[in-house]
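Take a look at the structure below.
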Amino acid sequence: MKMSEFSSLGLSDWLIKQCKQLGISKPTPVQENCMPAILQGRDCMGCAKTGSGKTAAFVLPVLQKLSEDPYGIFCLVLTPTRELAYQIAEQFRVLGKPLGLRDCIVVGGMDMVAQALELSNQPHVVVATPGRLADHIRGSKTFSLSRIQFLILDEADRLLEQGCTDFTKDLEVILGVLPAKRQTLLFSATLTDTLQELKNIAMNKPFFWESKSETRTVEELDQRYILTPEKVKDAYLVHLIQTFTDEHHDWSIIIFTNTCKNCQILTMMLREFNFPTISLHSMMKQKQRFANLAKFKASVYKILIATDVAARGLDIPTVQVVINHNTPGLPKTYIHRVGRTARAGRNGVSITLVTQYDIHLVHSIEEQIQTKLKEYPVVEKEVHKILTQVNVTRRECEIKLESTDFDEKKEINKRKQMILEGKDPDLEAKRKAELEKIKSQKKKFKERIQETIQRQKQKQLKKKLMKRKQMKKKKAEEAAK
Ligand SMILES: Nc1ncnc2c1ncn2[C@@H]1O[C@H](COP(=O)(O)OP(=O)(O)OP(=O)(O)O)[C@@H](O)[C@H]1O
């Protein structure tokens, strides 16, 4: 009966069989609703919660169509991170094995010549991050995307966001070489903010489907918070990990933090406490990033410390806990981060460490997800017992990191990025210094004004007091007369 459900959506038997081998036997709502429209040739926008099977919702119909009329390059998938590109390509490869599907992954940080060669061999599916693909388009005439049938934007809203990595210029280059007659599919757990821009990319009045639900996170996720002063945060972190690892042998944990440096320091610190920890952030070499992720997926390391480069899309079933070492500034980021657990109907816990300065962020997260975070119970005495040891260890790790060339590397990476963006790093540095100067002058000016106002207020107060004193004296004198 389950088999017939996929077949009633229009998939061939070979594809249904292939799904079954991966434990995919009954379509999830996003698949059930979006696949028929895609198979009918319509553009589609699918917005469904994290871990709800959006990838197969586009991979399966593309494979179905490809099997009916195979030619390369048939489909282009764009995605914001390199790790996600590999994950998506893998789904295509596994599900499309009976077709002899050829895919090509085009991401930054990997050999460009090898990629160019693969592109010229007419793969059926290209999965790419926008920056590197745009580079290939600008620099090479050995491949063409002018006949693609499908353009897919996975994590579509992120691709349009002008965040720390801005994809918009690269997207323009890519869209410029694609045929107007194509099917465009857009998927994400958070489409609504950029809906209009996305509709423009889809062009042909897309079929839009959004999972109807009051909450924006899954029910299987137990969402918690711990209110903590900044300097006790790390002690809570160590305590939490100790408790989880004592109680569960087969659990994996992802810890999200805000900067690459913090990621590095926390990894060093947790290793000092003998926790099997590994990190993932954008300052690492790409090969190292892939290697670390593979080791985490294989449970060689149970703890992954990552920046938001790992916040979206990664599908690792063993992850039972997500810890937010910092409260995310955007509710959207929170939704994707905690969505790394409780996937495909499994249970999971998320714990967000909140300082007094982040409470307003928690309120806006709660408002967006339509769920209240519950306090996570902790025996505080236990945390205070390890507080000094944890903070001393952290300080030692910071000193160790300072003695390496981490900051220097960061600076070099920044300069490289600027050169790639066509900016002059020295000129930018000068501009930044000037801006800082203006800012500091403004700050000083403001402070001086505040001081003057304060002084004037004090003067007035003094005057008033004097007047009152004199009045009292006068009254007393008059009374004495
Ligand atoms: N019909 C299905 N039945 C059971 N499992 C499925 C089904 N479809 C997909 N899955 C599995 O569910 C998991 C999550 O799917 P997927 O990674 O596509 O989620 P997603 O919706 O893209 O999440 P995110 O928004 O975090 O990217 C995967 O391991 C996938 O193999």
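FYI, it's all coordinate maths here, none of it is from the lab. These numbers were taken from a predicted model, which means no experiment stands behind them. Cβ atoms come from the backbone with ideal geometry, glycine included; neighbour counts cover every protein chain shown.
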Magnitude of the charge dipole, the stretch 160-259, Cβ model with Lys/Arg +1 and Asp/Glu -1, debye to 20: 600 debye
So for the chain, averaging the separation of alpha carbon pairs under 8 Å that are six or more residues apart and normalising by length, what relative contact order in percent results? 14 percent
Using alpha-carbon coordinates, inclination of helix 29-39 to the longest axis of the chain, degrees: 50 degrees
How large is the dipole of the stretch 6-210 about the Cα centre if only Lys and Arg carry +1 and Asp and Glu carry -1, each at its Cβ, rounded to the nearest 20 debye? 520 debye
Note the full-extension length gain between Val379 and Leu99 as 0.36 nm times their separation in residues minus their Cα-Cα distance, in nm to one decimal. 95.2 nm
Charge-dipole axis of the chain as Lys and Arg at +1 and Asp and Glu at -1 on Cβ define it, positive-most pick from Pro123, Ala294, Leu160: Leu160
About the Cα centre of the chain, how large is the charge dipole given +1 on each Lys and Arg Cβ and -1 on each Asp and Glu Cβ? Please answer in debye to the nearest 20. 3200 debye
With a Förster radius of 45 Å, plug the Cβ-Cβ distance of Asn258 and Arg468 into 1/(1 + (r/R0)^6) and report the FRET value to the nearest 0.05. 0.25
Residues with amide H under 5 Å from that of Val77, placed H, sequence gap 5 or more: Val126, Val127, Ala128, Ile152
State, to one decimal in nm, how far the label point of Gln286 lies from the label point of Val173, with both points 7 Å from Cα in the Cβ direction. 1.4 nm
Residue farthest toward the positive end of the dipole of the chain, with Cβ of Lys/Arg at +1 and Asp/Glu at -1: which of Ile265, Gly23, Ile303? Ile265
Give me the distance between the Cα centres of the stretch 77-149 and the stretch 1-70, rounded to whole Å. 22 Å
With eigenvalues of the C-alpha gyration tensor scaled by 5 and rooted, the chain, Å: 50, 28, 25
Got a sec to turn the phi values of the stretch 333-342 into Karplus ³J(HN,Hα) couplings, 6.51 cos²θ - 1.76 cosθ + 1.60 with θ = phi - 60°, whole Hz, x for Gly and Pro? 4, 4, 4, 6, 4, 5, x, 6, 10, 6
FRET E, pair Lys437, Asn274, Förster distance 35 Å, beta-carbon r, rounded to 0.05: 0.15
Per the charge dipole of the chain (beta-carbon charges, Lys/Arg positive, Asp/Glu negative, Cα centre), the residue among Phe207, Ile241, Ala114 reaching farthest to the positive end is Ile241
Classify the stretch 28-95 as rounded, prolate or oblate from the Cα gyration tensor: take a ≥ b ≥ c as the square roots of its eigenvalues, call it rounded if a/c is under 1.5, otherwise prolate when a/b beats b/c and oblate if not. oblate
What is the distance, in nm, between label points placed 7 Å from the Cα along the Cα-to-Cβ direction at Ala298 and at Met110? 1.8 nm
Taking only Cα atoms of the stretch 221-410, the Rg to Rh ratio with Kirkwood Rh works out at 0.94
Taking 0.36 nm per intervening residue step and subtracting the Cα-Cα distance, what contour gain separates Asp166 from Met203 on full extension? 11.1 nm
At 0.36 nm per residue, and after removing the present C-alpha to C-alpha distance, how many nm does the segment from Ile453 to Lys231 gain when stretched out fully? 76.4 nm
Report, in degrees rounded to the nearest 10, the 0 to 90 angle that the Cα long axis of helix 260-272 makes with the longest principal axis of the chain. 90 degrees
Just report the Cα centroid separation between the stretch 270-299 and the stretch 185-223, whole Å. 31 Å
Can you give the calculated 222 nm mean residue ellipticity of the chain, where each DSSP H run of n ≥ 4 adds -39,500 (n - 2.57) and the sum is split over every residue, rounded to the nearest 500 deg cm²/dmol? -17000 deg cm²/dmol
